[in-house]
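The values are calculated or read from the model by the stated rules, or taken from the named source; none is laboratory data. Source: prediction; values computed, not measured. Don't worry about glycine lacking a Cβ; one is built from the backbone with ideal geometry, like all the others, and counts go over all protein chains shown. For accessibility, only protein heavy atoms count, side chains too; no ligands or nucleic acids. Shrake-Rupley method; radii C 1.70, N 1.55, O 1.52, S 1.80 Å.
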Amino acid sequence: QVQLVESGGGLVQAGGSLRLSCAASGRSFSSYAMGWFRQAPGKERAFLAAVSWSGGSTYYADSVKGRFTISRDNAKNRVYLQMNSLKPEDPAVYYCAAPASGAVAGRLISEYDYWGQGTQVTVSS
């Protein structure tokens with residue numbers, strides 16, 4: 001299993017950038033694909049991006065494709081979400097998540113077994 005803790009959230013102006021980090025504990029971090037989700041008040045938790053265990057494959061939700069970039073550094077047990085060109089609709093609590101070891105990180109919440117506690121992102125206009 002892995003334990004996940006997000007950081008890097010905060011206040012940013014519309015059009016600005018922010019990088020979120022997810023610190024993972026556990027000896028087998030490199031065996032896990034990883035995903036990022038977000039949840040705004042009154043909204044369903046939504047998929048944003050996913051990366052394979054090796055970092056060699058990534059994919060994104062249409063809403064953030066071209067603006068957000070997911071990456072990982074297995075040597076540091078960290079996953080990142082670089083967010084550029086932030087929009088007023090982007091504010092939410094952002095979560096990193098992991099599926100079962102060796103499983104593909106897909107778009108569905110049900111595919112993930114481990115979740116961080118989230119970090120708040122606020123966008124000012």
* Identify, please: which residue in the range 6-23 is surrounded by fewer than 16 Cβ atoms within 10 Å (Cβ to Cβ) and within 11 Å of the chain's Cα centre (by Cα) and is, among those, nearest to residue 77 (Cα to Cα)? -> 7
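Between 71, 52, 57, which is open to solvent by 40 Å² or more (accessible area, probe 1.4 Å), among the hydroxyl-bearing types (Ser, Thr, Tyr), under 20 Å from residue 112 (Cβ atoms) and over 11 Å from the mean Cα position of the chain (by Cα)?
When all the criteria are applied, what remains is 57.
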* To do: Just give me the residues in the range 108-125 being of a type in the set (Phe, Trp, Tyr) and assigned to a strand (DSSP E or B), in sequence order.
  => 114, 115
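Rundown of residues vs (1) in a loop (DSSP other than H, G, I, E, B); (2) free of Cβ contacts under 8 Å to residues at least 24 places away in the same chain, yes/no style:
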{"site": "55", "(1), (2)": "yes, yes"}
{"site": "82", "(1), (2)": "no, no"}
{"site": "96", "(1), (2)": "no, no"}
{"site": "106", "(1), (2)": "yes, no"}
* Structure fact -> Every listed condition ((1) under 14 Å from residue 8 (Cβ atoms); (2) small (Gly, Ala, Ser); (3) in contact with a Lys or Arg (Cβ under 8 Å, 6 or more places away or on another chain)) holds for residue 85 save (1)
* Structure fact -> Considering the range 24-47, residues that are out of contact with any Leu (no Cβ under 7 Å at 6 or more places or on another chain) and of a type in the set (A, V, I, L, M, F, W, C), and then whichever is surrounded by the most Cβ atoms within 10 Å (Cβ to Cβ), we arrive at 34
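To keep it simple, each residue is scored yes or no on (1) hydrophobic (A, V, I, L, M, F, W, C); (2) closer than 11 Å to residue 36 by Cβ; (3) open to solvent by less than 20 Å² (accessible area, probe 1.4 Å).
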position: 76; (1), (2), (3): no, no, no
position: 83; (1), (2), (3): yes, yes, yes
position: 89; (1), (2), (3): no, no, no
position: 99; (1), (2), (3): no, no, yes
position: 111; (1), (2), (3): no, no, no
position: 120; (1), (2), (3): no, no, no
position: 125; (1), (2), (3): no, no, no
